1. Identify, from the list Arg9, Arg52, the residue that is of a type in the set (D, E, K, R) and either in contact with a Ser or Thr (Cβ under 7 Å, 6 or more places away or on another chain) or exposed (fewer than 13 other Cβ atoms within 10 Å of the Cβ) (or both).
2. So which residues in the range 71-115 are of a type outside the set (Val, Ile, Thr), without any contact (Cβ under 8 Å) to a residue 40 or more places away in the chain and loosely packed, with under 14 Cβ neighbours inside 10 Å, if there are any at all?
3. Restricted to the range 12-43, and to residues that are within 16 Å of Ser89 (Cβ to Cβ) and among the small types (Gly, Ala, Ser), which residue is surrounded by the fewest Cβ atoms within 10 Å (Cβ to Cβ)?
4. With the checklist (1) modelled with pLDDT of 95 or more; (2) out of contact with any helix residue (DSSP H, G or I) (no Cβ under 9 Å at 6 or more places or on another chain); (3) farther than 22 Å from Glu55 by Cβ in hand, flag the one item Ile162 doesn't pass.
5. Of the residues Thr146, Thr85, only one is touching a strand residue (DSSP E or B) at 6+ places or on another chain (Cβ under 6 Å) and either closer than 27 Å to Trp13 by Cα or not aromatic (Phe, Trp, Tyr) (or both); which?
6. Answer yes or no as to whether Asp121 is surrounded by fewer than 15 Cβ atoms within 10 Å (Cβ to Cβ), touching a residue at least 40 places away in the same chain (Cβ under 8 Å) and either part of a loop (DSSP other than H, G, I, E, B) or out of contact with any Ser or Thr (no Cβ under 6 Å at 6 or more places or on another chain) (or both).
7. Taking the residues in the range 135-146 that are out of contact with any Ser or Thr (no Cβ under 8 Å at 6 or more places or on another chain) and free of Cβ contacts under 8 Å to residues at least 60 places away in the same chain as candidates, determine which candidate is farthest from Ala68 (Cα to Cα).
Amino acid sequence: MTGPSAGTRTFSWQDPTPTWQAGATMSGLEIWQAIAAGALPAPPIGELMGFRIPEVEAGRVVFAADAAPWLLNPIGTIHGGAIATLLDSCVGCAIHTLLPLGAGYTTLELKVNFIRGVTADGGELRAEGKVIHVGGTVAVAEGRLTDPAGRLLAHATTTCLILKPRE
């Protein structure tokens, strides 16, 4: 088995301040629709990880990223931390789409089940986050990571604390 050749990874990002400030005038859904459309800057972590947002609707967000050699761990598969980051992003953002103007969230718990190893030639990975419940203080969502053939690679659940708008 031969591994990928060496390479270079560089990235750039825009100032995320306009996105943070948008929370004062936009709902979570409006923010994520604007990010997906390119009207607001994506969070720098998304740029670092190469995330794309092909779908956004109330209670559901899809993130996509390519399996790539720069994400490999020492045994030749995509690092679990990269998979967990992709899933944490889609489930948290799905919750955010149901939050009102000025509200935020933070992850209280993230549980990831790794189903299959992912190799660097795995193609486009899709992480779909769907909300299960949003209450006054806590929200719960689940996420599924699939390969181009639709096979389940990992599954996650999250519990998030809802941060009320500041008055």
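The values are calculated or read from the model by the stated rules, or taken from the named source; none is laboratory data. Note that the structure is a prediction, hence the values are computed from the model and not measured. Positions of Cβ are generated from backbone atoms using ideal geometry, with glycine treated the same way; all protein chains shown enter the neighbour counts.
1. Numbers: Arg52 fails: either in contact with a Ser or Thr (Cβ under 7 Å, 6 or more places away or on another chain) or exposed (fewer than 13 other Cβ atoms within 10 Å of the Cβ) (or both).
After applying the criteria, what remains is Arg9.
2. So the first thing to find is which residues in the range 71-115 are of a type outside the set (Val, Ile, Thr), and the list is 71-74, 76, 79-82, 84, 86-90, 92-94, 96, 98-105, 108-111, 113-114.
Among the residues that remain, those that are also without any contact (Cβ under 8 Å) to a residue 40 or more places away in the chain are: 73-74, 79-82.
Asn73, Pro74, Gly81, listed by residue number.
3. Checking each candidate, the answer is Ala42.
4. Condition not satisfied by Ile162: (2).
5. On the way: Thr85 fails: touching a strand residue (DSSP E or B) at 6+ places or on another chain (Cβ under 6 Å).
Testing whether each residue is touching a strand residue (DSSP E or B) at 6+ places or on another chain (Cβ under 6 Å) and either closer than 27 Å to Trp13 by Cα or not aromatic (Phe, Trp, Tyr) (or both) leaves just Thr146.
6. Working: surrounded by fewer than 15 Cβ atoms within 10 Å (Cβ to Cβ): yes; touching a residue at least 40 places away in the same chain (Cβ under 8 Å): yes; either part of a loop (DSSP other than H, G, I, E, B) or out of contact with any Ser or Thr (no Cβ under 6 Å at 6 or more places or on another chain) (or both): yes.
Spelling it out, Asp121 is indeed surrounded by fewer than 15 Cβ atoms within 10 Å (Cβ to Cβ), touching a residue at least 40 places away in the same chain (Cβ under 8 Å) and either part of a loop (DSSP other than H, G, I, E, B) or out of contact with any Ser or Thr (no Cβ under 6 Å at 6 or more places or on another chain) (or both).
7. Residues of the range 135-146 out of contact with any Ser or Thr (no Cβ under 8 Å at 6 or more places or on another chain): 135-137, 144-146.
After this cut, where a residue has to be free of Cβ contacts under 8 Å to residues at least 60 places away in the same chain as well, the list is 135-137, 144, 146.
Numbers: Gly135: 37, Gly136: 39, Thr137: 37, Arg144: 19, Thr146: 15 Å.
My answer is Gly136.
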